[in-house]
Number of protein chains: 2
Amino acid sequence: MEKPTLPKGTRDFGPAVMAKRHFILENIRQVFRNYGFQPLETPAMENLTTLTGKYGDEGDQLLFRILNSGDFLKDISNPELQARNSKLLSSQIAEKGLRYDLTVPFARFVVMNRNEISFPFRRYQIQPVWRADRPQKGRYREFLQCDADVVGTDSLLCEAEIILMIREVFRELGILDYTIKVNHRGILSGIAEAIGAAENDTTLFVAIDKLDKIGEDKVKEELRTKGFTENRLASLFEMLHVKGSTVNKLALFSSRFSASEKGSKGLRDLQEVLNYLTYYSASDEHVEFDVTLARGLSYYTGCIFEVKINHVGIGSVSGGGRYDNLTKAFGDKDNLSGVGFSFGVDRLYDAMEELDLFPRETQISSTVLVCHFDDETLQYGFGVLAKLRAAGISSEIYPDLAKIKRQLEYANKKVVAFALVIGSAEKESGLLALKNMATGEQEKITLEQIISKLQ
Amino acid sequence: MEKPTLPKGTRDFGPAVMAKRHFILENIRQVFRNYGFQPLETPAMENLTTLTGKYGDEGDQLLFRILNSGDFLKDISNPELQARNSKLLSSQIAEKGLRYDLTVPFARFVVMNRNEISFPFRRYQIQPVWRADRPQKGRYREFLQCDADVVGTDSLLCEAEIILMIREVFRELGILDYTIKVNHRGILSGIAEAIGAAENDTTLFVAIDKLDKIGEDKVKEELRTKGFTENRLASLFEMLHVKGSTVNKLALFSSRFSASEKGSKGLRDLQEVLNYLTYYSASDEHVEFDVTLARGLSYYTGCIFEVKINHVGIGSVSGGGRYDNLTKAFGDKDNLSGVGFSFGVDRLYDAMEELDLFPRETQISSTVLVCHFDDETLQYGFGVLAKLRAAGISSEIYPDLAKIKRQLEYANKKVVAFALVIGSAEKESGLLALKNMATGEQEKITLEQIISKLQ
């Protein structure tokens, strides 16, 4: 039999990687909880009626579809089969698909449980999603999403809390040099109105969103082909080029947007978010009002965010914004306003590796490995283990008779913090040899001393 | 649009249920870690070549298969299509399937990473699995498995540690009345040899495994139809009926198995497991040597375990055993012996609900909800929130202006422990009203006092 392989674009997470991912996720979870967010988990499989039509045509094609169980051809007629239309047939032989993101399942949950939920509902959700994308470096077919949303309130206090949470998570992770870019869809509308392109705003947003990727010249070119005059382009880029502090930028745009209701609302909203930071006695450190931030064609309607770690060759590691139509796709008339953001755990992981930010302690598996020389010291060591564990010290014993060298190699490879070596002399005297695996230092002390040292 | 639904046999886990599941899982994880087990996660999707042929024909049919992306009919000829053979076609249009258990992916991981793993390898894995079973009460199509295995050693110390871990988990969960049944495949072989049915041992094991479900009479009937004589049945059931302490039972079977190498080995193994408990200064409390325990047709070759919570109408909540052929299915010649067990989290959950064992604290979401009367106290309250969170107290503020009654209802529904009510008088005096939501008790104290009280 051939050696087994993994499906393209999927990964195993062995102990060393798991420990680092755990470090990231536990810090994020702790901050979410500290801010009153509650966990939600939804099934990996959703009905395709729930998933399709929510992510655009491209998204629909990237859904993993699950073949119906049993005789899935039963209700398919011969002509239908002979048409050989994979796309059409897939909708007949597959009723379920794998979750593509966490937002649609969340919206589905809210619609299904509307009467039981106490709004405003703060939920976080950390689960894998699946996309039949072409795998490449940093892009996987199964990857973790990590979302937090508040729905059922339009209070801008929530936007301020998102900034606070991002900063808290980054502080815990040891990430110091980063920028939280903020903008507002209303401000983008204001710009469109100010240059007389209100009727072409979507075209404009799509182009602005590409500035980062294709550069100014190509964006201009694209806008020219869509009928934007040189005059318009000049006023557009004058606005996009505005530099200075957030306060100055807000003031400047305020004068430009005197005739734009949407633009003025956007500026007022941003200002209020900043005010909330002040009420919290928090600075606006790391926050940058970036008028070129557009966040693609997504469903955002208010403030938008994006976080980049500076001087690291990795895209944004977090992003989000306010939306007004979460449950509309499920026919809900009584729309809920909400605001959410998510962390890209895979990218955070890569950035932290690049910056060497994982504390060495994350790699430590057990605190103690009990090593022994023969049956007798193995049995005695097993008793020692009982006392270590009862004291809450994670420990293990090498379960087989083996050379000490081999036992220490095991401790080393598994990154056990201490080896406790027990020979017959140690057993007699009760003075056990405790070896620090990182420094090589060794001391002979009693079990009680070891326990109080390691606890 | 119709109200969305969930696929049959799948569930959402909202905050209240998540909190209880978290309580179970964190306790299990803590014990696993304390015993030196390290986490592993594998992808939800595996190649079908990895999955098929590992679970028997029935298992193969219960696999969820994932339709190939793109034009999946491309390489299917017209005659193949017209044959309308769903089973055959499924293997041509679906290359991947969803994980059916955690053991096969674990074996695959070990085979693929053999040179990097330091054996003995102690891994735990807590992930969902999917089975296209007919959904019914307590049986789901997506459910969590929670496995711990040690591979690369045949030391019976590991079996003793499984018993210790199960008892530790149950102590943490507050489950007091339960039985850990242990047996050994060698002892079952010994019985087969003792009644002269060595060549029919599989038939015998399958029948014994059904004793619990269909009762003695039907098992006898089944064995009669398979050619077991009345004599044989009499000696068989005499052995299966043996009562008494584990020590007595071991002694009794020892005399019966004098001619059976397998049987004697089984008894010696069990005795050694018990010896290890003694070296650990642990009793054999909750442990019962049950000669009728067979654990189905599974791949076990040594000790086997099964745990039942007494006086609760729920099947076994944990089980496992030793196997010698983990990696054989992947063509590995150099077989690894291992021993593992798993917790049935859904059943543990149901049992704990039935026994009302979840501590009330698990249901508490935030520690504090800050409530306010107007814009001014909302802003002031947001500053109070900053201080609470900085002290590590999980807290939130009602983000909108709303009647106090509504804010308290929210706190109540979300099970927030304390409401901190701030009116203009409280803001002036600095004496804030702290209301215990469980008792209704209320006191007026300073923020510093509140923090030291809640920390």
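No lab work stands behind these numbers, since they all come straight from the coordinates. On a predicted model such as this, the values are computed, not experimentally measured, just so you know. Virtual Cβ from ideal backbone geometry, glycine too; neighbours counted across all protein chains shown.
Near A:N85, no amide H atom lies under 5 Å from its own; only residues 5 or more places off or on other chains count, and H is placed 1.01 Å from N. Between A:E376 and A:T225, the distance separating the two model label sites (each 7 Å from Cα on the Cα→Cβ line) works out to 8.6 nm. Our summary gives the stretch B:189-289 a relative contact order of 31 percent, counting only alpha carbon pairs under 8 angstrom and 6 or more residues apart. Once both labels are positioned 7 Å from their Cα atoms along Cα-to-Cβ, the gap between A:I76 and B:E172 label points is 4.8 nm. Kirkwood radius for the stretch A:67-178, taken over all pairs of different Cα atoms as the inverse mean of 1/r, rounds to 18.3 Å.
Taking the longest Cα principal axis of chain B as reference, the axis of helix B:375-390 is set at about 40 degrees. If a paramagnetic tag sat 7 Å from the Cα of B:K8 along the Cα-Cβ line, which residues of the stretch B:128-150 would have the backbone N under 17 Å from that point? Label zone hits: B:130-143. Pair-distance distribution of chain B: all C-alpha pairs, bin width 20 Å, starting at 0; shares per bin in whole percent are 20, 42, 27, 10, 1. Direction-averaged projected area, Cα convex hull, the stretch A:189-289: 6.9 nm², rounded to one decimal. The mean sequence distance of close C-alpha pairs (under 8 Å, at least 6 residues apart), as a share of the length of chain B, puts its relative contact order at 15 percent. You can think of it this way: the chain between B:T446 and B:N85 has 122.4 nm of extra reach, that is 0.36 nm per residue less the Cα-Cα gap. Distances from B:R360 to itself in the other copies, using label points 7 Å out along the Cα-Cβ axis, amount to 4.6 nm in increasing order.
Pairs exceeding a 32 Å alpha-carbon distance, out of A:K435/B:K333; A:K54/A:K213; B:K8/B:K413: A:K435/B:K333. Based on the convex hull around the alpha carbon atoms, the stretch B:320-365 presents an average projected area of 5.5 nm².
Computed 3J(HN,Hα) for the stretch A:306-314, one whole-Hz value per residue from the Karplus formula 6.51 cos²θ - 1.76 cosθ + 1.60 where θ = phi - 60°, is 7, 10, 10, 8, 6, 6, 10, x, 9, glycine and proline marked x. Annotation: amide H-H contacts under 5 Å for B:F418 (H modelled 1.01 Å from N, sequence separation of 5 or more, or interchain): B:V368, B:L369, B:M437.
The value given for the stretch B:295-448 is a Kirkwood hydrodynamic radius of 19.9 Å, derived from the mean inverse Cα-Cα separation. Only helical runs count toward this figure. For the protein assembly as shown, summing -39,500 (n - 2.57) over DSSP H runs of n ≥ 4 and dividing by all residues gives -13000 deg cm²/dmol at 222 nm. Rounded to whole numbers, the Karplus 3J(HN,Hα) couplings from phi for the stretch A:361-371 are 4, 4, 7, 6, 8, 8, 7, 10, 10, 7, 10 Hz, using 6.51 cos²θ - 1.76 cosθ + 1.60 with θ = phi - 60°, and x at Gly and Pro. Please give me the summed charge of the neighbours of A:L144: other residues whose Cβ is under 12 Å from its Cβ, Lys and Arg +1, Asp and Glu -1. Counting the neighbours of A:L144, the net charge comes to -1. Taking the Cα atoms only, what angle lies between the long axis of helix A:211-225 and the longest principal axis of chain A, rounded to 10 degrees? Helix A:211-225 sits at roughly 20 degrees to that axis. Remark: spin-label model distance B:K218-A:S424 equals 5.9 nm, labels positioned 7 Å along the Cα→Cβ axis. Stokes-Einstein, applied to the Kirkwood radius of the protein assembly as shown over Cα pairs at a viscosity of 1.306 mPa s and 10 °C, places its translational diffusion at 51 µm² s⁻¹.
Per-residue 3J(HN,Hα) values for the stretch A:396-410, derived from phi via the Karplus relation 6.51 cos²θ - 1.76 cosθ + 1.60 with θ = phi - 60°, read 8, 10, 5, x, 10, 6, 7, 4, 3, 3, 5, 5, 5, 4, 4 Hz in sequence order (x marks Gly and Pro).
Taking the square roots of 5 times each eigenvalue of the Cα gyration tensor of the stretch A:364-454, largest first, gives ellipsoid semi-axes of 16, 16, 13 Å. DSSP beta bridges fully contained in the stretch B:364-454 are about 50 percent antiparallel. With label points set 7 Å from Cα along Cα→Cβ, the inter-copy distances at B:G196 are 10.8 nm, sorted shortest first. In the stretch B:15-108, Cα pairs under 8 Å separated by at least six residues give a relative contact order of 39 percent.
Across the copies of the chain, A:H311 has label points (7 Å from Cα along Cα→Cβ) spaced 6.6 nm apart, shortest distance listed first.
Counting Cβ atoms of other protein chains within 10 Å of each Cβ in A:66-79 and taking the mean gives 5. Could you give log10 I(q)/I(0) at q = 0.19, 0.30 Å⁻¹ for the stretch B:53-116, computed by the Debye formula over C-alpha point scatterers of equal weight, without solvent? Result of the Debye calculation: -0.84, -1.26.
Shielding of peptide B:42-51 by partners, expressed as the average count of other chain Cβ atoms within 10 Å per residue Cβ, is 6. Taking amide H as placed 1.01 Å from N in the peptide plane, B:D284 has no amide H partner under 5 Å among residues 5 or more places away or on another chain.
Each Lys or Arg adds one and each Asp or Glu subtracts one; over the other residues with Cβ under 13 Å from the Cβ of B:F257, this totals +2.
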